[in-house]
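Take a look at the structure set out below.
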Amino acid sequence: MAYRRLGLLSHQRRALLRNAVTSLLESEKITTTETRAKEIKRIADKMISLSKAGDLHARRQAHAYLTKEPVVKKLFTELAERYKDRQGGYTRIIKVGFRQGDGAPLAIIELVQ
């Protein structure tokens, strides 16, 4: 299977992932469930790889996926510069325990410094 369904319809899943990736790139650290964190990691790493290309086409692709213009600017200026010498592995997932209400495993996903 190419991706996890996360128990959502396709348009709901796409919206959740777009917002989560935007939040991760904006604040550089978010807490979510482990399964969602693994899906967010795939997309966030692709966005950072796009920013390293730095051309107009890559910027338009990132802008089509991310929901906030300032995050696109941060991605192509600050984050592209930070990861220019790194070949991958831009994010890290840290398991932090279980959620109180339903016992879902939680994880922190953050950008590597």
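Where a number appears in this text, it was derived from the coordinates with a stated rule and is not lab data. Owing to the predicted nature of the structure, the values given are computational and were not obtained by experimental measurement. Cβ atoms come from the backbone with ideal geometry, glycine included; neighbour counts cover every protein chain shown.
When both residues are 6+ apart or on different chains and their Cβ atoms are under 9 Å apart, which pairs have a first residue that lies in the range 88-109 and is without any contact (Cβ under 8 Å) to a residue 12 or more places away in the chain, and a second that is not in a loop (DSSP other than H, G, I, E, B)? Close Cβ pairs (under 9 Å, with a partner that is not in a loop (DSSP other than H, G, I, E, B)) amount to G97/P105; G97/L106; F98/P105; F98/L106. Which of the residues belonging to the range 84-113 are on the phi < 0 side of the Ramachandran plot, in a strand (DSSP E or B) and more than 18 Å from the chain's Cα centre (by Cα)? Of everything in the range 84-113, those that are on the phi < 0 side of the Ramachandran plot, in a strand (DSSP E or B) and more than 18 Å from the chain's Cα centre (by Cα) turn out to be V96, F98, P105. Pairs are defined by a Cβ separation below 8 Å, a sequence spacing of at least 6 or placement on different chains, a first member in the range 44-66 that is at positive phi, and a second member that is assigned to a helix (DSSP H, G or I); the pairs so defined are G54/F76; G54/A80.
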